[in-house]
Structure formats: structure tokens, C-alpha cells
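Asks: Encoded as C-alpha cells, here's the structure I'll be asking about.
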Amino acid sequence: MKPSGKSIREDLGRAKAAYAKNDELRVFVCLLQALKAFGEVKPFGPERITIEGLFRDVFASLSRLPHVAAFAPKGLPYAKGQEQKLAGYVAVLYKKVEAEIQRETLEGMRARKLRIDQFVIKGQKFLAENNILEAQRNFRAAVEEYVDEKGLFPLITSKLLEAGQHKASLEYVKRAIEEYPDNSRAYDFLMTALGGLKDFEVGEKLLRDVQKKTGDQPLLLANLAIILAKLEKWAEVRDAADKALALNPTVAAAKKMSALAQKKIAAA
């Protein structure tokens, strides 16, 4: 779209909105677009006065941003008539701020992963001492740091199952399935936990709760069918298995449960 006085005002409005959200890089992007467009459009009259007022506001906001203050402690005031020169300076400053934010993000990610590792190690130590309360406190602290560590929930689950803590493992099994409902390992852990508890109604509730969040998933439905078979709810077994097969006809467990349910229903 060809720039205009309106598009410049809109970009500067977006820059002000980004400042309100503390989105530093977005402020830079919108301001740079406005500066570049200003040189192309060369607005005049009342429109130019309005735009220059918006530039003053945005440059004042830019100077108050934390990373900008670090690189330009004296601030970056708007200089009327120097828009192209300012665009060059803002572009250089943008690259510096972007690099610094990326560095801080990487350091923060490393620190977070280290905290997760430390919490899990402490949890394992307390688990070995049969102190389930402190183990859970540390495992939950690790989960609070979770962002995208795919193996965290299966890892904690495996440690709890190895210690015979079947009930305690369920909250992590549930999260594992919620995050990755196509991970067969999570369902293996669920079946192990339910086998240890000898309470398959808990498993049915868990999977139905997860289903509300993830929607219908082939492996989830197939394993729900297996659990329902343990409870001898044959009509529901058939429904869950058939839904799984409709989504993925190759799921072997669903095929087996569907056939078993049909046999049981016919016999009844």
C-alpha cells in the first residue's frame, strides 16, 4: 500500500500502543515505518503539524524505554526536519536493542532450564528419602517454570512411578497428555499408574477432562476405550473406539476395542 499521511498517523498510533504494552521492538518498527513514509509523502499544512506532534510524543516515549535508556542515556528527542537522519539513528539503535533483548532472552532461558533441572534433582532426592511432600513441592516448582520442555512431565511421572507413587504421578501424566496428546508413552504411564491404583474410574475422569481441552484425539480415544473396557461400559467403549478409528483408521488398540465391544454388546 502506498504510504500517506493517514498511514503515518496510524503507524505512530501503533507505536504509542506498543509503548503502552512495553513492546520495545514494536515501537521501533512502527516508528521506522512512519519515518520512512514521512520522507516519501512529505506532508504539509495542518496534517504535517499533526504528524510532527505525534513524532514528538513517540520519540519521548522511545527515550523512556529501558533498553533505549541504556544505549542513549540522554534520550532521543525529535528534531523537526531531520526525519531521515533520525531514521538512520533509530535503525542503528533498533539493532542494538534487538541484540540485547535476544541476549537477555537466551540467558533467561538458560537460567530457567537450570532451575528446572535443580528442582527435579531435589525432587528425586526427597523421593529417594520417601519424603513425598517435599518431592512434590520441588516437582511442582519445576512445572511452574515449564515453557516447552517436552520431556519434563514424562520424566517426573517415571520417577514417581518407579517410587511406587501411582496416585501422585497422575497430575503429571495428565499434563503430559494435555501438552502432547499423540504421545503414546504418556498413555503407557497412565495405564501403569491406574494398574497400580486399581482404580480405572479415575482414569476415565482424567481422560475426559483432558478431552475437554484437547478435543477428540485418536490415541486419547483409543486409551479411553481401553479404560472403559476395564469398567465394562461396552456401549461407551464402542463409541470411543469408533471415534478414534474415524480420525485414524490405523490405531490398532481402537480396532481391538471396537471389535471387543461389538462382541460384548451382541452377547448381552
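Asks: Identify the trypsin sites (Lys or Arg not before Pro) of region 119-207 meeting these criteria: DSSP loop state and at most 16 other C-beta atoms within 10 Å of the C-beta. Can you show the working numbers first?
Replies: Working: sites: Lys122, Lys125, Arg137, Arg140, Lys150, Lys159, Lys167, Lys174, Arg175, Arg185, Lys198, Lys205; in loops: Lys150, Lys198.
When the trypsin sites (Lys or Arg not before Pro) of region 119-207 are filtered for loop state and at most 16 Cβ neighbours within 10 Å, Lys150, Lys198 remain.
Asks: Still on this structure, I have one more. Using the charge dipole of the chain (Lys, Arg: +1 at Cβ; Asp, Glu: -1 at Cβ; taken about the Cα centre), state which of Leu106, Ile121, Val90 has its Cα farthest towards the positive end.
Replies: So the residue furthest toward the plus end is Val90.
Asks: Above 15 Å lies some portion of the pair distances; for region 120-199, what is it as a whole percent of all C-alpha pairs?
Replies: Values: 1572 of 3160 pairs.
Considering region 120-199, 50 percent of its Cα-Cα pairs are separated by more than 15 Å.
Asks: Right, next: So how far apart, in nm, are the two label points at Glu52 and Lys256 if each is 7 Å from Cα heading toward Cβ?
Replies: Placing both labels 7 Å beyond Cα along the Cβ direction yields 8.0 nm.
Asks: Hey, if we sort Asp209, Asp57 by accessible area with the 1.4 Å probe, largest down, what's the order?
Replies: Numbers: Asp209 45, Asp57 75 Å².
Ranked from most to least accessible, the order is Asp57, Asp209.
Asks: To continue, here is another question. What angle, in degrees between 0 and 90 and rounded to the nearest 10, separates the Cα long axis of helix 152-162 from the longest principal axis of the Cα atoms of the chain?
Replies: The answer is roughly 30 degrees.
Asks: Out of (i) 1, 6, 12, 17, 20, 17, 14, 9, 3, 1, 0; (ii) 1, 6, 11, 13, 12, 10, 8, 7, 6, 5, 5, 4, 4, 3, 2, 2, 1, 1, 0, 0; (iii) 1, 6, 10, 11, 10, 7, 6, 6, 7, 7, 8, 7, 6, 4, 2, 1, 0, 0, which label holds the value of P(r) over Cα pairs in 5 Å bins from 0, in percent that was computed here?
Replies: (iii)
Asks: At a Cα cut-off below 26 Å, give the lysines reachable from Lys85, other chains included and same-chain residues fewer than 8 away excluded.
Replies: Of all the lysines, those that pass the test against Lys85 - Cα under 26 Å, at least 8 places apart if same chain - are Lys2, Lys6, Lys16, Lys36, Lys42, Lys74, Lys95, Lys96.
Asks: Sticking with this one: Nearest 10 degrees is fine. How inclined is helix 200-214 to the longest principal axis of the chain, computing both from alpha carbons?
Replies: Taking the Cα atoms of the chain, the angle to 200-214 is about 30 degrees.
Asks: Can you figure out the FRET efficiency of Glu104 with Val147, using R₀ = 22 Å and their beta-carbon distance, to the nearest 0.05? Let's see the in-between values first.
Replies: Values: r = 15 Å, r/R0 = 0.70.
Taking R0 as 22 Å, the efficiency between Glu104 and Val147 is 0.90.
Asks: Mind checking the angle between helix 252-267 and the chain's longest principal axis? C-alpha axes, 0 to 90 degrees, to the nearest 10.
Replies: 40 degrees
Asks: Here is a further query. Sequence gap at least 6, Cα distance under 8 Å: using those rules, report the relative contact order of the chain to the nearest whole percent. Don't skip to the answer; put the middle values down first.
Replies: Details: 294 pairs, mean separation 24.8, N = 268.
For the chain, the relative contact order is 9 percent.
Asks: A further question on this structure: I'd like the distance between the alpha-carbon centres of region 238-253 and region 67-137, rounded to an integer number of Å.
Replies: Here the two parts' Cα centres lie 45 Å apart.
Asks: Continuing with the same structure: Can you give the calculated 222 nm mean residue ellipticity of the chain, where each DSSP H run of n ≥ 4 adds -39,500 (n - 2.57) and the sum is split over every residue, rounded to the nearest 500 deg cm²/dmol? Show your work: numbers first, answer last.
Replies: Values: 13 runs with 216 residues, N = 268.
Helix-only estimate at 222 nm: -27000 deg cm²/dmol.
The values are calculated or read from the model by the stated rules, or taken from the named source; none is laboratory data. Since this is a predicted model, take the numbers as computed values, not measurements. Note: ideal-geometry Cβ built from the backbone for every residue, glycine included; neighbour counts use all protein chains shown. Heavy atoms of the whole protein, side chains included, go into the accessibility calculation; ligands, DNA and RNA do not. Shrake-Rupley method; radii C 1.70, N 1.55, O 1.52, S 1.80 Å.
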